[in-house]
Amino acid sequence: MYASFKSIGAYVPSKSLTNKDLEKIVDTSDEWIKQRTGIENRYIAASDEFTSDMGYRAAELAIARSGVERDEIDAIICATITPDYFCMPSTACVIADKLGIKNATAFDISAACSGFVYALNIAKAFIESGLKQNILIIGAEKLSAIVDYTDRTTCILFGDGAGAAVIGTTEEKEASVIDIHTSSDGAFQDFLITPGGGVKHPCSQDVIDQHLNYLKMKGNETFKLAVNTLTKDVTRILAKNNLTSEDIDYFIPHQANFRIIDAVGRKLKFSPEKIVLTVAKYGNTSAASIPMAINDWYESGKLKRGDLMLLDTFGGGLTWGSALVCFNQKD
Ligand code: UT7
């Protein structure tokens, strides 16, 4: 049995935050943001809307499209760096409760923007070892809760949202989650970091006054490393599977910055119509970015059953990874 990407779903909060809105908050401009990032808009969750609420809405849609009954789901993996609770319960358990799913293995993983690809890798391993049959994987983030809206170098980048997929079984290798590669290098741990609020620097007045509970990023250094690492990673997974960029129907990279995607796409010779782009609409939604992009392409009628997707991601940790996946959702 192979792992099969059986369905996709996503949820986008209703409140948008445009570049023009951000011009009123920090010293920036619509023109600078568009030119340097390609971002025009992002969506922000309501104050009483949490990561589990968004993950639940995306999961409901993915389950409905999968043909799998809720009581057949035997594992739930939620990738997030913005869990509802600091330590416990996991967001996956909260989502399981909202879905009415009992007895499934449920846990969160933290791999920042690479979280969805990491979760997909775990699901593939669970299924192909015979341990589980139907796994719900979710990437959900309320990044607006950890973004410092006084820091123009980060607050223009991030948005909220969620995406989910049901991973089941197939006997056909070509219809499966064909290959995944995930990596990390903790030597770059300070490139993307929320320094305060964990056990090293517990929440205190000092942490709050210094804004250490917010996300910090070495943007320029991260940018350069992202382009090189993503290019190498994709080259490797294509070569390992005797494929070229021409064999891929859709290249679906993490949506951090249009310039990163464009540079990687050019180096790898992907024709522009094969490159999935949602960064202008949603900004960077970390673990939710890839499943939200897959869902967009599916709902716009472009992504069809049998299409070969190449997922590619990079994020805090640092972590990165790529995956060759056949989209196997029935119409
Ligand atoms: O998802 C996880 C992975 N994350 C990423 O991959 C993000 C990677 N990094 C990036 O996307 C880009 O580095 C940024 C968009 C964050 C920044 O773009 P950049 O072209 O690397 O700009 P920079 O940091 O080199 O800054 C250039 C200038 C600076 O001014 P000076 O020193 O040249 O006078 C900044 O102060 O732009 C200034 N600047 C801004 N100006 C207007 C920085 N942020 C802003 C802003 N509005 N929001």
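The values are calculated or read from the model by the stated rules, or taken from the named source; none is laboratory data. On a predicted model such as this, the values are computed, not experimentally measured, just so you know. Don't worry about glycine lacking a Cβ; one is built from the backbone with ideal geometry, like all the others, and counts go over all protein chains shown. What goes into the accessible areas is simple: the full protein's heavy atoms, side chains included, and nothing from ligands, DNA or RNA. Shrake-Rupley method; radii C 1.70, N 1.55, O 1.52, S 1.80 Å.
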Cα-based Rg of the stretch 177-326 per 2.2 N^0.38 Å, rounded to two decimals? 1.15
Amide H neighbours of Lys15 under 5 Å, counting only residues 5+ apart in sequence or on other chains, H built in-plane at 1.01 Å? Ile44
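Of all the accessible heavy-atom surface of the stretch 177-326, with the other protein chains kept in place and a 1.4 Å probe, what percent is carbon and sulfur?
The computed percentage sits at 53.
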Hey, which of these cross-link pairs are over 22 Å Cα-Cα: Lys142/Lys216; Lys20/Lys218; Lys200/Lys224; Lys98/Lys304; Lys173/Lys240; Lys102/Lys304? Lys20/Lys218; Lys200/Lys224; Lys98/Lys304; Lys102/Lys304
With N residues in the stretch 171-254, Rg(alpha-carbon) / (2.2 N^0.38 Å) equals 1.60
In whole Hz, the Karplus estimates of ³J(HN,Hα) for the stretch 178-187 (6.51, -1.76, 1.60; θ = phi - 60°; x where Gly or Pro) are 5, 7, 9, 10, 10, 8, 7, 8, x, 4
Taking a spot 7 Å from the Cα of Glu221 along the direction of its beta carbon, which residues of the stretch 147-177 have an amide N less than 17 Å from it? 153-154
Leaving out ligands, DNA and RNA, and with a 1.4 Å probe, what % of the accessible surface on the stretch 2-173 is carbon or sulfur? 49
Based on Cα positions only, what radius of gyration and what Dmax would you give for the stretch 2-173, in angstroms? 17.4, 55
Partner aspartates and glutamates for Lys24 [C-alpha distance under 17 Å; skip if fewer than 8 residues away on the same chain]: Glu40, Asp148, Asp151
Determine ³J(HN,Hα), in whole Hz, for all residues of the stretch 308-318 in sequence, where each value follows from phi through the Karplus function 6.51 cos²θ - 1.76 cosθ + 1.60 and θ = phi - 60°; x replaces Gly and Pro. 9, 9, 10, 8, 8, 9, 7, x, x, x, 6
For the chain, list log₁₀ I(q)/I(0) at each q in 0.07, 0.08, 0.12 Å⁻¹, using the Debye formula over Cα point scatterers of equal strength and ignoring solvent, two decimals each. -0.25, -0.33, -0.77
Given a 1.4 Å probe and the protein chains all in place, what does the accessible area of Glu221 round to, in Å² to the nearest 10? 90
Whole-Hz couplings from phi, Karplus 6.51/-1.76/1.60, listed for the stretch 110-118; x for Gly and Pro: 10, 9, 6, 5, 7, x, 5, 5, 4
Between Asn228 and Met1, how many nm apart are label points set 7 Å from Cα along the C-beta direction? 4.3
Average accessible area per residue (Å²) across the chain - probe 1.4 Å, nucleic acids and ligands excluded: 43
Ignoring ligands, DNA and RNA, how do Lys232, Lys281 rank by accessible area with a 1.4 Å probe, largest first? Lys232, Lys281
As an exercise, use a Förster radius of 30 Å and the Cβ-Cβ distance of Lys330 and Lys173 to find the FRET efficiency, rounded to the nearest 0.05. 0.95
The summed charge of the Ile44 Cβ neighbourhood (under 10 Å; Lys/Arg +1, Asp/Glu -1) stands at 0
Hey, rough spin-label estimate for Arg236 and Val26, points 7 angstrom out along Cα→Cβ, what's it come to in nanometres? 3.2
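Ordering Asp209, Asp233, Asp307 by how much accessible area each has at a 1.4 Å probe, largest first, what is the list?
Largest accessible area first, the residues go Asp209, Asp307, Asp233.
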Solvent-accessible surface (1.4 angstrom probe) belonging to Glu31, in square angstrom, nearest 10: 130
Using only DSSP helix segments of four residues or longer, with each worth -39500 (n - 2.57), what per-residue ellipticity at 222 nm results for the chain after dividing by its residue count and rounding to 500? -9500 deg cm²/dmol
Under 5 Å, built H, 5+ apart or other chain: amide partners of Lys216: Ile193, Thr194
